[in-house]
Amino acid sequence: MDTAIKFIAFDQLNSALDRISEQLDVWVPVASKDQKRVIQFAPYRPGMTLVLDHQTTLGPKQVVLPQVEALFRFDYRKSADEPSRQKVQLEDPHPPAPTLIFGARPCDVKGFLVLDQVFSAGPFVDGIYAARREQTLFATMVCGQQDSACFCSSVGSGPTDRTGSDLWITPIAAGYVVEALSDRAHPVMAWLQEAATELHVAAAGKVQEEAARQQVGNLAVDQCQQHFLQRFADTNYWQEVAGQCLSCGICTFVCPTCYCFSITDEMKDKHGERIRSWDSCMFFTYTLEASGHNPRPSRLERYRNRVGHKFSYFPEKYQGLIACCGCGRCIRNCPVSIDIRKAVQNLQGQNHACS
Amino acid sequence: MTQSHDNPAHKQALTIVGFLCNWCSYGGADTAGVCRFKQPTDLRIIRVPCTGRMDPLFIARSLILGADGVLVSGCHPKDCHYAVGNLYARRRLEVLKRMLPFMGIDGDRFRYTWVSASEGQRWQQVVTEFSEQIRSLGPNPGVTGKSAAAATA
Amino acid sequence: MNSDLRSELHKKAEQAWPDLELLIGWQAGYDDLHTTPVFIRDSAEISKLIWNPWCTQNLAVYVAKHFAASSGKDDKKIGVCVKGCDSRSLIALLQENLVARERFYIIGMPCKGIVDLRKLHALSGAARILSVQVNAEQVALKSAAGVLHFPLDEVLMRKCRRCRYPNPLIHDVLVGDPLTPRTDAHEAYNDVAAIERLSLQERLAFWQGELDRCLRCYACRNACPLCVCQDRCIAETRDPKWLTQYMHLPEKFMFHFIHALHLAGRCTECGECERVCPMEIPVALIKEALNKITLELLDFEAGLDPQRVPPLLTFDAGETGI
Ligand code: SF4
Ligand code: SF4
Ligand code: SF4
Ligand code: SF4
């Protein structure tokens, strides 16, 4: 077993990833536009330039919960013995391959800890998610780039939160120091060739200390469950926090912890797939019933649901776990700058002054 | 709808979608048939009540999915069965025709024209010309395939 | 410069208040670089209103979607603050009878340009911008790496750099003095022309590359003041079924054809669709290309004259050449 701490010099990063990607599918953050804009996780290919000093626009959620995935394929076939009948043949999707997510952040990983509760912790296990999750390793990097929308420390995480990660990366002046956090990490550690020196480890320690001192965000979430329920019917309150919402759904698409999906059959001729695709509770059609009735007809009820799900219903169901990793993506990307921190912070308190 | 055209020299079938209005051009095509005018066979006709019914998106969708050509034909302007349907249509169709190349789709793959029910000969000429034009452009690659996974470095 | 205009805005809002039941404007957002729309229903809150080069949202988006159907109590009106470009959206809504002029009290803001946050981030290269100072010609941007200076022009939104209508074309009151437009019609479509110079294959490759990132979150649609179907958009209906839930390129192209073609001859070039896109796809360019076409072909620009009918909603029996 290789337990030594490893080191990857900046100019060795690609060759290290080249080696790892011979063994595993590796996803890395890369820019899809010039100048480090629109950063997403993409399958690693030799020669790619990684962007490790910015939060990604979209987290790695899609690696385990893709925006679209086939649950199964189907095929209508004429039955030989009874020509008037059609038989449906089903085919399972392909099994997942071992995967490493390289360069995630603590908030990204925390997102998966939330999804796990729903999809794989039981009692109802989603086989497809669980299989992929099982095969996925995280090489997470300590975070030193908080901005004015981040609040991970407020929701039980933080820039040095190692929970859920398998490898831990600390950037220092010369490169990256890599430690194993779980047994699953050992094969990957073995593929890294250079051992960290004492100097590297000491430098990494300093970076850790500095990052650990950061208290990111000052949102108080204790008792938000109850406060939300008290606020539920206060229309003025929701008008105040989300009156300007456009129902655009960006917040849910960029969110690492939003997991609502839609299921549709997409067919051509006699063949098709049943697919699962990301849905958004900010959309009118999300709760639209067949009768035409919609229990959440306006953006206010929909935004209220987003807050309630993350800060009240979810913790109520899953031992107090808040379904938000504090990544700030919804705040940063909202076209009208709606701030979920404000929506949660002000839940507490009486008689809301309407404006 | 996409076909594999491995050998462009080979005169394989083209997929040309024709949207013809019920009152004039559909009749014109019928006249051409009754008169036994020889026509290329690549056109698949969809009858519409009026060119005013033509949503430019019908055409966009056909071309995006890989139809090799789209032909829209209706009554001559001022002869519309519904008086003004084709007067609305020609603006929309011309705007679409000019927009297609901006998105990288060849505007020559789309043509709109007017053929009355009595113009069998003209119909023959329109179809022959347009099929030739599409044949010379070759197969339409469409907007290819599945999206490449996320980003490129 | 802004504090003067801000107090002028407050003063004019106060004066108008007796006739208003609601005033839509901008207020400070979660940090200095972000503004958020505010709906004022109490005159005590007028002081929340701000006006600066960060007031990016086009407030006309709320006009048809949220308030068109509401009728005022005691003939009271809805006040709305508009920049030059935003005012065109209002006019376009009037052109289509989607809102009634009498229902609105329009506060016009002659606009020197709005800062493009993404450009700032790209220029700074840093994950976090600590502060930004804007004066008439210069922007000073402070990040952990130090202070950088840029000409204001360089960090303005694309739509602002090609702006022909900085002064609201419709208003009941103006805040500040009218300004000189930056470009004329001739230069306004330079970005479209740049794409037109590419070969057909290059253009297809360009759009395939850009649209590949599209999430089909539909934010571009929801942010558009003129996408008024909203909850009934054919991009989402299953019957008729225009789109599948797949994320293949043809679906993404198709969605953008839907959005763009439904805006042909209607788009007022407010740029909101492009600004809000989290994947930074230049989707407004598609509509600009259509606007260039409707200008050349039908001599029409949306949102200028409230009396004119958008060209694709009408016809001309006498026109030739098409
Ligand atoms: S991103 Fe903002 S405007 Fe869009 S749905 Fe979410 S809260 Fe509403
Ligand atoms: S709700 Fe917002 S801050 Fe919380 S995890 Fe989702 S995107 Fe991040
Ligand atoms: S906002 Fe951007 S990502 Fe969302 S649907 Fe529009 S173009 Fe696509
Ligand atoms: S299409 Fe885009 S630029 Fe045009 S009016 Fe709508 S949001 Fe504005």
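Observations on the structure shown:
- For region A:6-348: rounded, prolate or oblate by the Cα gyration tensor [a/c cutoff 1.5]: oblate
- Fluctuation leader among A:C325, A:C107, A:C260 - chain A, Gaussian network, Cα springs under 10 angstrom: A:C260
- Overall dimensions of region C:1-144 as given by Cα atoms, namely Rg and Dmax in Å: 16.6, 54
- Put simply, chains C and B cover up around 3700 Å² of each other's accessible surface, both sides summed, when a 1.4 Å probe is used.
- Bridge type composition, the protein assembly as shown - antiparallel percent by DSSP, nearest 5: 60 percent
- Close amide H contacts of C:G303 (hydrogens built in the peptide plane, cut-off under 5 Å, sequence separation of 5 or more or a different chain): C:A92.
- DSSP-defined beta bridges in chain C - what % are antiparallel, rounded to 5: 60 percent
- Inter-centroid distance (Cα atoms) of region C:31-45 relative to region C:154-174, Å: 21 Å
- For chain B: rounded, prolate or oblate by the Cα gyration tensor [a/c cutoff 1.5]: oblate
- Fluctuation leader among A:D53, A:D92, A:D108 - chain A, Gaussian network, Cα springs under 10 angstrom: A:D92
- Length gained on full extension, B:S118 to B:L65: 15.7 nm, using 0.36 nm per residue less the C-alpha separation.
- Estimated FRET transfer efficiency when R0 is 25 angstrom, pair A:T285-A:E69 (beta carbons, to 0.05): 0.80
- Taking every protein chain into account, the accessible area of region A:1-87 amounts to 48 square angstrom per residue (probe 1.4 Å).
- Amide proton proximity set for C:S143, modelled H, under 5 Å, gap of 5+: C:L130, C:L148
- Isotropic mean projected area of the C-alpha convex hull, the protein assembly as shown (nm²): 40.6 nm²
- Taking the inverse of the mean 1/r over every pair of distinct Cα atoms in region A:71-161 gives a Kirkwood hydrodynamic radius of 16.6 Å.
- Heavy-atom surface analysis with a 1.4 Å probe gives region B:14-152 a carbon and sulfur content of 51 percent of its accessible area.
- In this simple spin-label model, placing a label point 7 Å from the Cα along the Cα-to-Cβ direction at both A:Q226 and B:R47 gives a separation of 7.2 nm.
- Using C-alpha pairs under 8 Å with a sequence gap of at least 6, the mean separation divided by the residue count of chain C gives a relative contact order of 17 percent.
- Nitroxide proxy distance, nm - points 7 Å out along Cα→Cβ at A:H293 and B:H76: 5.9 nm
- Full extension of the chain between A:K317 and A:L181 gives 46.1 nm of extra length, using 0.36 nm per residue less the Cα-Cα distance.
- For chain A, built as a Gaussian network whose Cα springs stay under 10 Å, the top-fluctuating residue of A:S84, A:S312, A:S298: A:S84
- Where N is the number of residues in chain C, Cα Rg divided by 2.2 N^0.38 Å: 1.03
- Against the empirical curve 2.2 N^0.38 Å, the C-alpha radius of gyration of region C:107-156 lands at a ratio of 1.18.
- Helix-only mean residue ellipticity at 222 nm for the protein assembly as shown, each DSSP H run of n ≥ 4 adding -39500 (n - 2.57), per residue, nearest 500: -9000 deg cm²/dmol
- Between amide H atoms placed 1.01 Å from N, distances below 5 Å from C:W26 occur with C:V38, C:I50, all of them 5 or more places distant or on a separate chain.
- Buried area at the A-C interface (accessible, heavy atoms, 1.4 Å probe, summed, Å²): 4000 Å²
- Residue-by-residue Karplus 3J(HN,Hα) for region B:116-128, coefficients 6.51, -1.76, 1.60, Hz, glycine and proline x: 8, 5, 8, 8, x, 5, 4, 4, 4, 5, 4, 5, 5
- Links that overshoot a 20 Å alpha carbon limit, given the list C:K48/C:K119; B:K97/C:K287; A:K61/A:K317; B:K97/C:K65; A:K270/C:K241: C:K48/C:K119; A:K61/A:K317; B:K97/C:K65
- FRET efficiency for the C:V147 to C:E202 pair, using the beta carbon distance and R₀ = 45 Å, is estimated at 0.70.
- Modelled spin labels at C:Q15 and A:V201, positioned 7 Å past Cα toward Cβ, are 7.4 nm from each other.
- Efficiency of FRET between A:Q208 and C:L130 - r from beta-carbon atoms, R0 25 angstrom, step 0.05: 0.60
- Anisotropy class of region C:12-78 from Cα gyration tensor, a/c 1.5 cut: oblate
The values are calculated or read from the model by the stated rules, or taken from the named source; none is laboratory data. This is a predicted model, so every value here is computed, not measured. Because the Cβ atoms are built from the backbone with ideal geometry, glycine has one as well, and the counts that use them run over all protein chains shown. Just the protein is used for accessible areas: all its heavy atoms, side chains included, with ligands, DNA and RNA removed. Shrake-Rupley method; radii C 1.70, N 1.55, O 1.52, S 1.80 Å.
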